[in-house]
1. Would you list which lysines come within 21 Å of K52, measuring only between C-alpha atoms, while excluding same-chain residues fewer than 8 positions from it?
2. Which chymotrypsin sites (Phe, Trp or Tyr not before Pro) does the stretch 91-151 hold that lie in a coil by DSSP with at most 15 other beta carbons within 10 Å?
3. Given the stretch 10-110 reduced to its alpha-carbon atoms as identical point scatterers, what log10 I(q)/I(0) does the Debye formula return at q = 0.11, 0.12, 0.18, 0.20 Å⁻¹?
4. When the accessible area of the stretch 171-260 is split by element with a 1.4 Å probe, what percent falls to carbon and sulfur?
5. Within 13 Å, Cβ to Cβ, of I133, how many net charges do the neighbouring residues add up to if Lys/Arg are +1 and Asp/Glu are -1?
6. So, with a 1.4 angstrom probe, what is the percent of accessible area on the stretch 1-149 that is carbon and sulfur?
7. What ratio of Cα Rg to 2.2 N^0.38 Å holds for the chain?
8. So what's the back-of-envelope 222 nm ellipticity for the chain, counting only DSSP H runs of four-plus at -39500 (n - 2.57) apiece and dividing by all residues, rounded to 500?
Amino acid sequence: TYTTDTKSREENKKTIESLYRLSVDIKKIRRLKEWVLLQDVAYVKEIADILKEMGADETTVANILERCPEAILHTPAEINSQRTLWQLVCQNENQLIKLIEQFPESFFNTQYHENQKANILFFQELGLKNNIITRFLTSAPSIFYNPVEKNKNVIETLQRNYLSLGGSDANMKIWILKLLSQNPFILLNSSTTIQENLEFLQKNDFRDHEVLQLLSKLKGFIFQLTPTTMQKSMLYSKNVFKCSDQELKQLVLKCPALLYYSVPVLEERLEGLLKEGISVAQIRDTPMVLELTTQIVQYRIKKLSALGYDIKSGTLESLNGTKKDFEVNYGRIQSKKERPIFNPVAPVHIEE
């Protein structure tokens, strides 16, 4: 363990010299994490040697230590244990060193080593591929800090609910793995939260297969909400679109963002659309447009207007979708506009 509250407030000369020999930018460390340089004990050479053993060149070693200087405060034994652990899911040391260079903080957090190990083995048993587990280790390291029992509990709750909502045994594993790979942060929720959110949807007359549909569409983000926030968002949409409970339910199934986004976000997006001259009726017909930020909507309307496409009188479908979807739609409208009208009876002029 190490502390940011040092008594001496003097830099460790030996640490500075060792880092200097490795061409590490010490000014950068002073600016960002000076407390590392004040510790009495550091393992600069040892940690650098382990990284070189794994195939890191001098530039890579310097880059890693600049980005995560606290690496030098871990013992070589701790880092070697972490190295062995990550090798369970890495194809080779070349891949491992690339991951360490990109995500040093994730690798050098050895505090939860035993939990990390138990969770890696659990995820492998569950059927998650190693490349997905490495993605979790780097982009969602906090899920490995949980005791494995907690993660198992959340997975069991999801499995139980999937079956009770009409999901089949045959598809359950695929569904769970897909949900996890889309949103590993589901595991940071409690089983109670998951249960409460699903019950809220059922109380609001969503049928079992519709609840499953929402879970898949929202990629598990529904578990990061609360019944209160969902209730507020639904009430706001109901008032804006002046619709019945049944109509609202259909709108939510069409556009789960109405459930997911908070009232202030929905308000801001709706106002942005109305300012562009789009009507509430148009938004109600194509509610998915509320999934886009105001800036994206403005940019897309501007591009379409330049082609002479009037968004106020047409459908909002051409605004929808991912960046790629929009570019395809835009290209279609552009080529339609540029294509000359062919008159089959016009005389053909051929130069002699």
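The values are calculated or read from the model by the stated rules, or taken from the named source; none is laboratory data. Predicted, not measured: the structure shown is a model, and the values here were computed from it. Using ideal geometry, Cβ is built from the backbone for each residue, glycine included, and neighbour counts are taken over all protein chains shown. We work out accessible area using only protein heavy atoms, side chains counted, and drop any ligands, DNA or RNA first. Shrake-Rupley method; radii C 1.70, N 1.55, O 1.52, S 1.80 Å.
1. Within the straight-line cut-off, K52 pairs with K14, K98.
2. Numbers: sites: F107, F108, Y112, F122, F123, F136, F144, Y145; in loops: F108, Y112, Y145.
For chymotrypsin sites (Phe, Trp or Tyr not before Pro) across the stretch 91-151 that sit outside H, G, I, E and B with at most 15 neighbouring Cβ atoms in 10 Å, the list reads Y145.
3. -0.29, -0.35, -0.77, -0.95
4. Working: 2300 of 4230 Å².
After summing per-atom areas, the C and S share lands at 54 percent.
5. In short, +2.
6. About 47 percent, which is the carbon plus sulfur part of the accessible surface.
7. 1.35
8. For the chain, the value works out to -18500 deg cm²/dmol.
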